[in-house]
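Here's the structure we're looking at; comments come further down.
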Amino acid sequence: MKNTVLRYGTWSALSIFILFIISSLLLKNLDFTTQEIYGYASIVVSLLFVFFGIKHFRDTKNHGILSIGKGLVIGLIITLFASITFGIYNVVYVEYIDPNFMTDYYNHSVEQVSKTLSGAELQAKLKQMEDEKNLFANPFMNFSLMFLTVFMIGLIISLISTLILHRKQN
């Protein structure tokens, strides 16, 4: 199991890192909505290694047998690699690579909200957004949120993969 999670976890971490490097270099001029879609798609693509890691373990290391518990453990450990990598990447990105990202994204969000809300609703939403902006300014909170985003998606993929690949001993 150890070799499987190390191999597929490393591939998952490398793929999420490479896909987000590509995003930061080549897609920087796209609108935030398109970048967000690319971001979530990149997370899902990098977490496909969860499925392949669980399948590899079942087929080559465990004689075609996979319990739900073992499948989830393998999937979640592989997910940890991608989650930690993305959390670290995101902190480095907003702190050093593009320190204006948070301000630019905040200004874009204010512009979008101002188009749909007005009066007291707008003021309440702007207050909430300002509080969130201050929260994201903390690198630990930024890391935690990005880690949890990838981890939750990985949890879902681990569950689905395990249910698909689950095989009992005859």
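Points to keep in mind about this one:
- No other residue among TYR89, TYR93 is of a type outside the set (D, E, K, R), closer than 25 Å to ARG7 by Cα and touching a residue at least 24 places away in the same chain (Cβ under 8 Å) apart from TYR89.
- Listed by first and then second residue, the pairs linking a residue in the range 16-27 that is more than 15 Å from MET146 (Cα to Cα) to a residue that is among the acidic types (Asp, Glu), with Cβ atoms under 8 Å apart and 6 or more places separating them unless they lie on different chains, are SER24/ASP98.
- Helices (runs of 4 or more DSSP H) within the range 3-104 that include 1 or more residues polar (S, T, N, Q): 32-46, 68-92
- For ILE160, the criteria (1) closer than 30 Å to THR4 by Cβ; (2) crowded, with 16+ Cβ neighbours inside 10 Å hold in every case but one, which is (2).
- Test: residue in the range 105-125 that is exposed (fewer than 14 other Cβ atoms within 10 Å of the Cβ), part of a helix (DSSP H, G or I) and of a type in the set (Asp, Glu): yes
- A count restricted to the range 135-156 and to residues that are among the small types (Gly, Ala, Ser) and touching a Ser or Thr at 6+ places or on another chain (Cβ under 7 Å) stands at 1.
- Selected residue [under 28 Å from ASP131 (Cα atoms) and more than 18 Å from the chain's Cα centre (by Cα)] from GLU36, GLU95: GLU95
Only the coordinates and a few stated rules stand behind these numbers; no lab work does. Just so you know, these numbers come straight off a predicted model, no measurement behind them. With ideal geometry, Cβ positions are generated from the backbone for all residues, glycine too; neighbour counts draw on all protein chains shown.
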